[in-house]
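No value in this document is a laboratory result; all are computed from the given coordinates. Computed from a predicted model, the values in this text were never measured in an experiment. Neighbour counts are summed over all protein chains in view; Cβ atoms, including those assigned to glycine, are modelled from backbone coordinates with ideal geometry.
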Amino acid sequence: MAETKDSKEDIKSGGDVVDANPVILKETIQQPQDEDMQVDAKPDHAHPYRYNMNYPSIGQCIIINNKNFDKKTEMNIRNGTDVDAENLSKYFKMQGYKVKVFKDQTCRQMEQCLQSIAQEDHSKEASFVCALLSHGDEGVVYGTDDFIEIKKLTSFFKGVRCKTLVGKPKLFFIQACRGTELDGGIEADSIGSDSSPQKIPVEADFLYAYSTAPGYYSWRNSVTGSWFIQSLCDMLSKYGREVELMQILTRVNHKVALEFESASYIAGFNEKKQIPCIVSMLTKEMYFSR
């Protein structure tokens with residue numbers, strides 16, 4: 001989100017802020033589906049429960065990093081987001097991805113960007129990764145001029161529209177608020193198939209890694225970046241070559257949930273918690289190593 005006037009001290013001191021519309025934040029302080037279609041895809045016999053990464057290219061990684069917003073949106077600068085974008089870019093380049101970073105995109109530009117990429121030939125690529133870094137609310141992410149539904153951006157990669165990525169993992173990492181609720185936390189005690197073509201649902205092989213649970217704010221430090229992307233890059237760097245993706249994301253959840261707590265000058269926003277939310281339609285295990 002954009003910081004309110006009362007949160008300027010958080011920016012100066014490297015405090016924590018949330019990625020949501022400032023109008024919604026002020027209120028908080030005060031207090032049609034697609035038809036299911038199918039496409040043909042051949043199974044990978046070498047590892048029936050593991051995605052085949054043995055392609056000439058591991059794939060593309062698209063990072064949309066929205067930091068500055070039009071005045072009409074009443075959104076302020078997302079300080080710290082450049083750190084997130086740089087860390088993501090660094091990691092995925094190390095894994096062999098062709099990384100493209102798009103800064104301060106309008107809704108139309110985001111739509112055109114992803115539609116154009118989906119129309120490319122991905123037949124020699126093993127996977128696709130996209131990171132959306134912006135303000136948000138439930139079901140939407142903000143361009144520099146307005147908001148757009150997340151499903152509109154991701155729908156370009158469905159099987160019926162992007163056939164060269166059919167049967168391949170399509171990963172979306174979304175750093176944005178999903179509502180206006182705050183998590184105060186709670187104290188707890190310590191604790192082989194044949195060779196014929198297969199039909200798969202067009203929604204299959206997608207993974208959406210949201211920075212926060214539905215309805216909640218998502219926290220971002222104005223100096224070190226968002227809690228979610230910090231933790232994601234840390235866990236990927238440590239375990240990305242040997243541990244399966246869903247296990248890595250569980251460790252990301254653990255890190256965000258236990259190692260972070262907000263430090264804010266805004267009344268009611270101090271000492272708050274966050275938990276990422278992973279929505280997986282993956283049909284196989286995902287390893288970045290080939």
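Assorted remarks:
- From most to least packed by mean Cβ count within 10 Å, the peptides 130-136, 266-272 give 130-136, 266-272.
- Across the cross-link table entries Lys103/Lys124; Lys152/Lys272; Lys67/Lys199, which are compared at the Cα atoms, the separations over 29 Å belong to Lys152/Lys272; Lys67/Lys199.
- Close amide H partners of Tyr216, meaning residues 5 or more places away or on another chain with modelled amide H under 5 Å apart, are Arg178, Gly179, Glu181.
- Share of alpha-carbon pairs per 5 Å distance bin for segment 73-214, given as whole %: 2, 8, 16, 19, 19, 14, 9, 6, 4, 2, 1, 0
- Segment 112-163: proportion of alpha-carbon pairs further apart than 13 angstrom, %: 63 percent
- Calculated diffusion of segment 216-290, Stokes-Einstein form, Kirkwood radius summed over Cα pairs, 37 °C and 0.692 mPa s, µm²/s: 242 µm²/s
- The trypsin sites (Lys or Arg not before Pro) found in segment 94-178 that occupy coil by DSSP, while having at most 10 further C-beta atoms within 10 Å, are Lys124.
- Positive minus negative residues near Gln274 (Lys, Arg vs Asp, Glu; Cβ under 13 Å): -2
- Summarising the label geometry, the points placed 7 Å from Cα in the beta-carbon direction at Asp104 and Thr224 lie 2.8 nm from one another.
- Pair Asp121, Asp70: separation of 7 Å Cα→Cβ label points (nm): 3.8 nm
- Overall Cα dimensions of segment 137-290, principal axis frame, Å, largest first: 60, 41, 27
- Segment Ile77-His47, length gained on full extension (0.36 nm per residue, minus Cα span): 6.2 nm
- Of all beta bridges that DSSP places with both ends in segment 161-288, some 50 percent have antiparallel geometry.
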